[in-house]
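The values are calculated or read from the model by the stated rules, or taken from the named source; none is laboratory data. All of these numbers come straight from a predicted model, not from anything done at the bench. Every residue, glycine as well, gets a Cβ built from its backbone with ideal geometry; the counts of neighbours run over all protein chains shown.
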Amino acid sequence: MEQGKSNVWTVVLAIIITAVVVGGGVYWWQQSKVVQEKPSMVTTETTKTTTADKEEQKEPLAYSTSGVSASVTKKTATFNYTAEQLKGMAEECGSQHSAGYFEQLVSKFSGATKTMYNFKYTGASQESDTFIVTLLSNKAGYTSLDQFKKDFDICAAGGDAYPTKLNANWLLFVNSCGSGFDDGSGRPIGCDKVREVVEPTLKLN
């Protein structure tokens, strides 16, 4: 009897151990399957940084003073040509325009501001010692230097604003550095000295 009971308990223990092993295996298999089937919850976020375009305002005029002793100052003034003044300049240059033409032209530039760049020779000099470049908005829409000159040219010596360059935005005038008079001092005409260096480098932006 003792041996029979021992065999029974052995069988029962074996069954329990088998059940635990099998049950554990099934449980592990189910959990593994759940993990494999579970969709990934990790998402990649791309942060896009948008930087507003901040363009530094460009100077309308580029130039170089390399090779000459000069200081540069800038000032502004309102457009001050009158229709009568422009008409007289055109007649002096032999340019003909229809009646009322210059009144309409002046109205186009109403409220416009001109900017003057003063390049002053800093060495010993006789008059004139300052080369002046003037910029004016191209409100008339000139596309050629001939058009520009037809309305603003000066045909007399010693003028202070001769049409020289243009682009879609700006009209550029330069002064004449005086009449060419020499005072006999032996000192250079500073304006001419500066003009020789600066004028070839002038560029409208």
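Which pairs turn up if I take residues in region 70-91 that are surrounded by 12 or more Cβ atoms within 10 Å (Cβ to Cβ) and look for partners that are of a type in the set (Asp, Glu) and at pLDDT 95 or above with beta carbon separation below 6 Å, at least 6 apart in sequence or on another chain?
Close Cβ pairs (under 6 Å, with a partner that is of a type in the set (Asp, Glu) and at pLDDT 95 or above) amount to Ala83/Glu103.
How many of the residues in region 150-174 are surrounded by 15 or more Cβ atoms within 10 Å (Cβ to Cβ), touching a residue at least 40 places away in the same chain (Cβ under 8 Å) and either outside any loop (DSSP other than H, G, I, E, B) or among the aliphatic types (A, V, I, L, M) (or both)?
Of the residues in that region, 8 qualify.
Would you call Phe131 assigned by TED's automatic domain parsing to the domain that holds Val68, in contact with a helix residue (DSSP H, G or I) (Cβ under 7 Å, 6 or more places away or on another chain) and not in a loop (DSSP other than H, G, I, E, B)?
So Phe131 fits the description; yes.
Yes or no: Leu135 under 29 Å from the mean Cα position of the chain (by Cα) and surrounded by 18 or more Cβ atoms within 10 Å (Cβ to Cβ)?
The answer is yes for Leu135.
Quickly run through region 113-127 and pick out the residues that are aliphatic (A, V, I, L, M) and surrounded by fewer than 17 Cβ atoms within 10 Å (Cβ to Cβ).
Once the filter is applied, which keeps residues that are aliphatic (A, V, I, L, M) and surrounded by fewer than 17 Cβ atoms within 10 Å (Cβ to Cβ), region 113-127 yields only Ala124.
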